[in-house]
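A quick write-up on the structure given underneath.
The values are calculated or read from the model by the stated rules, or taken from the named source; none is laboratory data. Fair warning: this is a prediction, and the values are worked out from it, not measured in the lab. Neighbour counts run over all protein chains shown; Cβ positions are idealised from the backbone, glycine included.
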Amino acid sequence: MDERDDLIQALTDHNQVERLLTCIEVSKTLVTTFDMESLVRTAVERINILIPASNWSILLLDPDTLELHFSVAVGVELEDVKDVRLKLGEGIAGTVAQTGEPIFIPDAQNDPRFCCRVDEATGFITKSIICLPLIIREEILGVIEVLNVENANFFRERYLPLLTILADYVAIAVDNVRNFQRLQIASFIDDVTGFYNTRYLTWHLERLVAQVLREGSQLSVVFLDMDNFKQVVDTHGHLLGSKVLREVARVIGAVLTPQDSLIRYGGDEFIILLPRVDKGKAYDFVTRLRQTINASRFLTDEGIHLAVTASYGIATLPQDATDKQTLLRLADQAMFSSKGRGKDTIVLGSPQPPNTPTD
């Protein structure tokens, strides 16, 4: 019999048919999920319903480093294995990721392919391993492992067909999420500067505000607008004006941390998001940024050596505002106050008084 016949035979009794139907419903949920966090959460919830195993994991292959990392770890703390990386060919998971062939090992400790690094990191003792590749279009995306099942032979006969189906759909779901992320990232990039655009601001700020409020931390927003930029365009033309914006963005980007975001808001305006940064630290950061921009020269490869300045406004959540609209408005108003004070200055936003009408 071929694999299809084996699958049909394994699913002949009533309970197995019920499990297959549930598996199909789970698979539908997986492939209609488009962010990795939701995919992981759904996989944990639904696979736990279908597969009677207290220890299992999903490891995804990083396409850049070609290393496996834990995306799901059931039965151990994910925190204990989040820094573990397995090379292709390393351990059972690495071997399956390298060959694309499933592996069943009833006695892992005596198998020369077994890697004990995860056990050492967690204190877990691996006895048996069932490991399947996650493959789509002949590309290996990772592996799914089930460890220490009580009756390995019974599990293989009764549940391995379901696990095989789930592995296929998890692979499809991971591929969908990654493709969606690539498209999403492309749609979030500003054509002129190569940094983020307002579409990203709308998407990211809503999530960031919710996270900051949930954590009880702070979020500072910086509005900056180039001073006298129309004069730059009138003197040097639109193409070189765009080049100045691109070079200014690079100067700003060079002083940001990985958690910060730079957004071109439109024209010659930029927004900087500073998560977990209070107003005092934001002011210190903008002071340094202002000094850096003022000391820089632009269009130097054109032989121009242009000096530019900017006006800055800062507002902080939750000190000044508790929602994204008010936060942005206060930072914007502070920036316009900076313009009114003679430009090339920094103004801190103030909380809106109670019962003040909004625009």
Quick test of your reading of the structure: GLY253 fulfils all but one of (1) part of a helix (DSSP H, G or I); (2) at pLDDT 95 or above. Name the failing condition by number. (2)
Scan the range 277-285 and give yes if some residue there is under 22 Å from LEU219 (Cβ atoms), touching a residue at least 24 places away in the same chain (Cβ under 8 Å) and in a loop (DSSP other than H, G, I, E, B), otherwise no. yes
Subset of the range 166-223, residues free of Cβ contacts under 8 Å to residues at least 12 places away in the same chain and under 29 Å from THR309 (Cα atoms), comes to ILE189, ASP191, THR202
Considering only the range 197-204, I want to know if a residue exists there that is out of contact with any strand residue (DSSP E or B) (no Cβ under 9 Å at 6 or more places or on another chain), at pLDDT below 90 and hydroxyl-bearing (Ser, Thr, Tyr). no
Spot the failing condition for GLU101; the list is (1) under 30 Å from SER242 (Cα atoms); (2) touching a Pro at 6+ places or on another chain (Cβ under 9 Å); (3) charged (D, E, K, R), and only one is missed. (1)
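Under the condition of being in contact with a strand residue (DSSP E or B) (Cβ under 8 Å, 6 or more places away or on another chain) and of a type in the set (D, E, K, R), which residue from the range 220-242 is farthest from ARG297 (Cα to Cα)?
Residues of the range 220-242 that are in contact with a strand residue (DSSP E or B) (Cβ under 8 Å, 6 or more places away or on another chain), as a first pass: 220-227, 232, 236.
Next, from what is left, pick out any that are of a type in the set (D, E, K, R): 225, 227.
Values: ASP225: 17, ASP227: 15 Å.
If we take residues in the range 220-242 being in contact with a strand residue (DSSP E or B) (Cβ under 8 Å, 6 or more places away or on another chain) and of a type in the set (D, E, K, R), then ASP225 is farthest from ARG297 (Cα to Cα).
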Members of the range 254-292 found to be touching a Ser or Thr at 6+ places or on another chain (Cβ under 9 Å), surrounded by fewer than 21 Cβ atoms within 10 Å (Cβ to Cβ) and farther than 26 Å from GLU215 by Cα, listed by number: ALA254, TYR265, GLY266, ARG290
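Among the candidates ILE271, ILE252, ILE304, single out the residue that is assigned by TED's automatic domain parsing to the domain that holds ARG207 and over 26 Å from the mean Cα position of the chain (by Cα). Before you say what the answer is, go through the steps one by one.
Numbers: ILE271 fails: over 26 Å from the mean Cα position of the chain (by Cα); ILE252 fails: over 26 Å from the mean Cα position of the chain (by Cα).
On inspection, the qualifying residue turns out to be ILE304.
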